[in-house]
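Contents: one structure, followed by commentary.
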Amino acid sequence: MTERSGYRIDDPEFWSPQALEGELRRVFQICNGCRLCHNLCPSFPALFSRTDALDPTREDAEGKLLAEGAPMEESEAVSRLASVRVSTENPVDRLGAADIRQVVDLCYNCKLCFPICPYVPPHEFEVDFPRLMLRAKAMRAREEGVTLQDRFLGATEFVGAVMTAASPLANWANHNPASRFLMEKTVGVHRERELPGWAPETFERFWEKRRDARGEGSEHPVAAGETPRALLFYTCHGNYNDPEVPQAAVEVLERAGVAVAAPPMRCCGMPALDGGDVEGCLAQAKENVARLLPWVDAGYAVVSPGPTCTFMLRHEYPELLRSGEARAVGAAVRDLGEYLVDLRRAGRLSLDLAREKPLRVAYHFPCHLKVQKIGMRSKQLLEKIPGVEVEAVDRCCGMDGTWGMKKEFYELSLGVAAKAKRGVEDVAEEASAAGCELAVASDCPLAALQLRQATGRKVVHPILLLRDACREADAKKKEG
Ligand code: SF4
Ligand code: SF4
């Protein structure tokens, strides 16, 4: 557990502006000496370039060494450096409030710096850069209030319920320049950002109707048996924007012999946390833990197709809530691909998969799966489909939840996506040269949105490709 830079929100120090500033400068100083993350995201370059600019010693030394721009003998370099001023002042101490604010704002919480950092707990330095940035955002939200932009982007349940209830109008507004202009001016969503469509029927409604049609009442955990049981944490995006994804997850899980439950759940809380609304996130986290615990106690795995949601439930809830219940729930959480691969390894998954035409898949590996260190499970599953080759696109898409939707970061976000876009285009060229069809897949719905905008190509969740291969195998069986 992170003790200094994490979420010890019950500690008065957490909400002390002086303690936060001290912690920011302490961690920035360590990072400034380390610089391993110099190319991960816009946040670190902003920090390092500013500290370099504020370091008179560095300028002086570089000026002496680079003035003529040509290599020089070591003895000459030593003699020139003899006259360099040596400052004992730390340039990080000279960072102003605006500099710190910029570093914080440019962190989009991809978490990629955490697994590579040698100074994360239990190291005595206790560096947890992403959580420190979230703490700084939380402090700002407490001092200045949560902005309307962050309130809107964090209110996934309210906005989702309203938009799906009026989905034809909401989808029209998504593409209407006047309403997008208005949206940018009021809630700060960039007018050119492609937005997810709104489903005419939520996954929750679909699930209710399915249970009614089968004469099943409300859902309760069933007693343990031989059958693997999974509670599907279907995610806000799956509920309001793309119910086909949780529906496909149910179909594949049931084909694999898993008993699936999908009782109503709250948003995982990441959109609120991203905007600094710690209280809002905590309320959602507490309610989800209370709802999930009876299922977990009865032996259900909590399975989700959303990498950010699994990350929240598994890693952030225990840190935020610091309770045994949150830890028990976190320990039962599985990414959908991870769960299916685990079943397969246990010899409990035998899916019939088929595909008529050869397919090349550009599989985007989401940051929030990478940071969970569970590997490319969806890629492994897709590779089981006959005729399918999968190439990984292991680059951050730069969307990162709601960050890339904000008008002030939209352009930068697309810039971060350039390498992922190139990766997809490389696979597309290979597919074309090999005469294969191409599919672009990502487990993360927001990465899918970003890649769709960056490449102009349709991007699907891997579970849809898996479901299609199951259906194709069925069709073949019927024919044969
Ligand atoms: S987060 Fe860790 S690895 Fe990255 S620059 Fe800072 S100290 Fe180095
Ligand atoms: S979490 Fe991601 S965006 Fe934030 S500082 Fe780390 S690498 Fe950069």
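FYI, it's all coordinate maths here, none of it is from the lab. Note that the coordinates shown come from a computational prediction; the quantities given were computed from them, not determined experimentally. Cβ atoms come from the backbone with ideal geometry, glycine included; neighbour counts cover every protein chain shown.
Please compare each pair in Lys419/Lys458; Lys111/Lys458; Lys111/Lys384; Lys111/Lys373; Lys357/Lys476; Lys286/Lys370 to a cut-off of 23 Å on the Cα-Cα distance and tell me which ones are over it.
Listed pairs above 23 Å: Lys111/Lys458; Lys111/Lys384; Lys286/Lys370.
Cα gyration tensor of segment 141-189, axes a ≥ b ≥ c as square roots of the eigenvalues: rounded (a/c below 1.5), prolate (a/b > b/c) or oblate?
oblate
Return the whole-Å distance between the Cα centroid of segment 153-229 and the Cα centroid of segment 315-359.
The two parts, judged by their Cα centres, are 23 Å apart.
Can you list the HN-Hα couplings for segment 328-337, worked out from phi with the Karplus curve (6.51, -1.76, 1.60; θ = phi - 60°), rounded to whole Hz and with x for Gly and Pro?
5, 5, x, 5, 8, 7, 9, 5, 4, x
With +1 on the Cβ of every Lys and Arg and -1 on the Cβ of every Asp and Glu, and nothing else charged, how large is the dipole of the chain about its Cα centre, in debye rounded to the nearest 20?
Charge dipole of the chain: 1040 debye, to the nearest 20.
Ranking Ile385, Ile374, Ile463 by Cβ neighbours within 10 Å, fewest first, what do you get?
Sorted ascending by nearby Cβ count, the order is Ile374, Ile385, Ile463.
Let me know the shape class of the chain, please: from the alpha-carbon gyration tensor, a ≥ b ≥ c as square roots of the eigenvalues, rounded when a/c is under 1.5, otherwise prolate if a/b is greater than b/c, or oblate.
Since a/c reaches 1.5 and a/b is larger than b/c, the shape of the chain is classed as prolate.
With the radius of gyration and the Kirkwood radius both derived from the Cα set of segment 197-245, what is their ratio Rg to Rh?
1.04
What net charge do the residues around Arg151 carry, taking every other residue with its C-beta under 15 Å from that of Arg151, with Lys and Arg at +1 and Asp and Glu at -1?
So the surrounding residues net to -2.
Distance from a point 7 Å along Cα→Cβ of Asp10 to each backbone N in segment 315-349: keep the residues under 20 Å and list them by number.
What the label zone holds, given the 20 Å backbone N cut-off, is 315-331.
Pull up all non-local amide H partners of Val460: gap of 5 or more, or a different chain, and H-to-H distance under 5 Å with H placed in the peptide plane.
Those qualifying (amide H under 5 Å, at least 5 residues apart or on another chain) are Val440, Ala441, Ser442.
Would you work out if segment 359-479 is rounded, prolate or oblate? Take a ≥ b ≥ c from the square roots of the eigenvalues of the alpha-carbon gyration tensor; rounded if a/c is under 1.5, else prolate when a/b is larger than b/c, oblate otherwise.
prolate
Under 26 Å Cα-Cα from Lys185, which lysines qualify once same-chain neighbours fewer than 8 residues away are excluded?
Lys137, Lys406, Lys407
Can you list the residues, at least 5 places off or on another chain, whose amide H is less than 5 Å from the amide H of Arg334, using H built in the peptide plane?
Those qualifying (amide H under 5 Å, at least 5 residues apart or on another chain) are Val302, Val303, Ser304.
Karplus couplings for segment 387-403 from phi (6.51 cos²θ - 1.76 cosθ + 1.60, θ = phi - 60°), rounded to Hz, Gly and Pro as x?
Computed from phi, the couplings for segment 387-403 are x, 10, 10, 10, 10, 7, 10, 9, 9, 5, 8, x, 8, 6, x, 9, 4 Hz.
Taking R0 as 35 Å, what's the FRET efficiency between Glu408 and Arg94 from their Cβ-Cβ distance, rounded to 0.05?
With a Förster radius of 35 Å, E is 0.85.
Using all Cα-Cα distances in segment 227-370, what percent lands in each 10 angstrom bin from 0 up to the longest?
The calculated distribution, bin by bin, is 11, 40, 34, 11, 3, 0.
Subtracting the Cα-Cα distance from 0.36 nm times the residue separation, let me have the gained length for Ala328 to Ala161 in nm, one decimal.
Full-extension gain reported as 57.1 nm.
What length, rounded to one decimal in nm, is gained on full extension from Ala346 through to Arg471, with 0.36 nm per residue of separation minus their alpha-carbon distance?
Here the answer is 42.6 nm.
Let me check I've understood the local charge: for Gly238, count other residues with C-beta under 12 angstrom from its C-beta, Lys and Arg +1, Asp and Glu -1. What total comes out?
Here the charged neighbours net out to -4.
Please report the net charge: other residues with Cβ closer than 10 Å to the Cβ of Trp295, K and R +1, D and E -1.
So the environment of Trp295 carries a net charge of 0.
From the phi of every residue in segment 30-45, what ³J(HN,Hα) in whole Hz does the Karplus formula 6.51 cos²θ - 1.76 cosθ + 1.60 yield, where θ is phi - 60° and glycine or proline is x?
Working through the residues one at a time gives 5, 5, 5, x, 8, 6, 4, 8, 4, 10, 7, 6, x, 5, 5, x Hz.
For Glu389 and Arg191, what does the FRET efficiency come to when R0 = 30 Å and r is the distance between their Cβ atoms, rounded to the nearest 0.05?
According to the calculation, E is roughly 0.20.
Stretch Glu219-Asp52 to full length: gain in nm at 0.36 nm per residue minus the Cα-Cα span?
That works out to 54.2 nm of additional length.
Obtain the nm distance between the two label points defined at Arg25 and Glu226 by a simple spin-label model: each point lies 7 Å from its Cα along the Cα-to-C-beta direction.
Taking the simple label geometry, Arg25 and Glu226 are separated by 6.6 nm.
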